[in-house]
């Protein structure tokens with residue numbers, strides 16, 4: 001339960017910060033998924049036990065609920081998060097990725113109170129992310145409608161707003177600390 005130490009457990013309910021779960025949701029094959037290692041950590045079980053229960057209950061996990069990552073997807077994921085390398089005590093099998101529906105099924109396959117509570121928290125996070133994406137899409141539609149109503153002079157304002165909405169408009173962060181000017185040294 002090392003990674004899930006941010007998870008507090010009261011007698012009435014399990015509280016998992018939404019941000020804690022959000023950092024463990026990835027976009028793979030166009031779907032928002034969670035990886036078996038992260039889920040095992042949240043559920044307080046080992047990856048081996050989690051995957052064992054999945055194999056025993058395969059009828060509950062069709063392809064749109066769960067899929068196994070390819071070696072390429074695993075390598076990309078490994079570059080995004082810190083995981084052990086193959087051949088150095090790492091995994092022998094490719095990770096499993098669970099969609100929102102797969103996470104819901106996991107609670108019944110694991111059959112514990114903690115699994116149910118964690119699944120509820122995860123599904124609430126998926127719903128929150130879906131609402132955020134929807135509201136951003138609605139904002140873009142409203143902005144487009146306003147753009148059509150105003151003249152060319154106002155287009156500059158709309159262009160600036162669009163740049164602020166895009167991720168590309170965020171300036172790169174500067175290094176903190178003392179910097180030596182390499183040009184003066186030569």
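The values are calculated or read from the model by the stated rules, or taken from the named source; none is laboratory data. This is a predicted model, so every value here is computed, not measured. Cβ placement follows ideal geometry from the backbone for every residue including glycine, while neighbour counts extend to all protein chains displayed.
Only one of the numbered conditions (1) over 16 Å from residue 115 (Cβ atoms); (2) modelled with pLDDT of 90 or more is not met by residue 81, and that is (2).
For the range 41-76, the set of residues classified as in a helix (DSSP H, G or I) and in contact with a strand residue (DSSP E or B) (Cβ under 8 Å, 6 or more places away or on another chain) consists of 51, 54, 73, listed by residue number. I need a count of the residues in the range 105-122 that are without any contact (Cβ under 8 Å) to a residue 60 or more places away in the chain and touching a helix residue (DSSP H, G or I) at 6+ places or on another chain (Cβ under 6 Å). Residues meeting the conditions: 5.
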